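The values are calculated or read from the model by the stated rules, or taken from the named source; none is laboratory data. As the structure is a prediction and not an experimental result, all values here were calculated from the model. Ideal geometry is used to build each Cβ from the backbone, glycine not excepted, and the neighbour counts take in all protein chains shown.
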Amino acid sequence: MKTKRHWSQMQDWSLAWGMRLLFTVYRLCGRQMLQVFLYPVVTYYWLANSAARRASRDYLARLAAFQPEVKLSGSLFDSYRHFLGFANAIIDKLAAWSGLIAVNDVEFSGREQLLADLAGGRGALLLANHLGNPEVCRVMADRDAAVKITVLVHTKHAEKFNRLLRRYNPDSAMNLLQVTEINAATAMLLAEKIEQGELVVIAADRTPVNGGRTLTVDFLGAPARLPLGPFVLAGLLKCPVYFLFCVKRNGRHQIVFERIGDALSWRREQRDAVIQQAAALFAQRLQQHTLQAPLQWFNFYDFWQT
């Protein structure tokens, strides 16, 4: 029987030379010319990466069954469109990092509340996901100079991509912190950053790299696993907690900060129930945003562990 690979062991095709080529075209020739070059590059990776293609089709088929109104299916054509969306998101990621996305290209929701929390001197924890392009939130650091952002990343592939990002903007106010697990040392480091008034961003929709503990939630009508660590952090850091969503509509990025409380808190006997409730709320909100931008959810692996 073939063993399913963990998402962190899969080749991240977004790191390949094709993305660097496309971004060079984007910088020199603009977005319209980019689309001409986009198709052959994406076609190659769509054909070559069978595991990601299967995962894409599985996700789209589940989406179609859950909400037919989205008018998508698990077809090859829709999967190809899904890959095209991901390639464009990678270009936007590089553009955001290099300062090519202007503040006027971004709409914020919940920003004032977040800045009010930061004005108190402590930072906040943002629970992010792989819907759209959360890295665009670095535009907020450009707009509000006092805002510092630390993003936790988990894989060697991410480390390579981070080097590519720094190549375009070595002086960014966004710090990328590679970790393989959330342990006591990690929590202490993040607590220091919170004390210094920084925003800490961690993805809460991928299982731990080293096989750590998970939670089961309902997502698109079926059980799926989320990592326990981010929700435990939400209690340990004793700071405001937000869900972070960022999707692109009509050429503009829409960043949503949804505040869920001053901090997660619990008595010992309530701990598991409080954490499970927070994870279920996260999955519910992620599902709602995903249904509004279905081709912008980019988890190209067996998310439901079938």
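What are the pairs with Cβ atoms under 6 angstrom where one residue, in the stretch 28-51, is under 13 Å from residue 84 (Cα atoms) and the other, located anywhere, is assigned to a helix (DSSP H, G or I) and hydroxyl-bearing (Ser, Thr, Tyr)? Sequence gap at least six, or different chains.
Pairs found: 34/26; 46/80.
For residue 225, are the conditions met, namely being among the charged types (D, E, K, R) and either in contact with a helix residue (DSSP H, G or I) (Cβ under 6 Å, 6 or more places away or on another chain) or surrounded by 19 or more Cβ atoms within 10 Å (Cβ to Cβ) (or both)?
yes
I'd like the residue in the stretch 84-137 that is in contact with a helix residue (DSSP H, G or I) (Cβ under 7 Å, 6 or more places away or on another chain), closer than 23 Å to residue 20 by Cβ and charged (D, E, K, R) and, out of all such residues, is modelled with the highest pLDDT.
92
Report, by residue number, each residue of the stretch 76-117 that is of a type in the set (Gly, Ala, Ser), without any contact (Cβ under 8 Å) to a residue 40 or more places away in the chain and in a helix (DSSP H, G or I).
If the condition is that a residue be of a type in the set (Gly, Ala, Ser), without any contact (Cβ under 8 Å) to a residue 40 or more places away in the chain and in a helix (DSSP H, G or I), then 79, 116 are the ones that fit.
Which condition breaks for residue 186 when tested against (1) closer than 30 Å to residue 99 by Cβ; (2) under 18 Å from the mean Cα position of the chain (by Cα); (3) modelled with pLDDT under 90?
With (1) closer than 30 Å to residue 99 by Cβ; (2) under 18 Å from the mean Cα position of the chain (by Cα); (3) modelled with pLDDT under 90 applied to residue 186, the lone miss is (2).
Residue by residue through the stretch 60-80, note down the ones that are within 24 Å of residue 40 (Cα to Cα) and not acidic (Asp, Glu).
60, 72, 73, 74, 75, 76, 77, 79, 80 - these are the residues of the stretch 60-80 that are within 24 Å of residue 40 (Cα to Cα) and not acidic (Asp, Glu).
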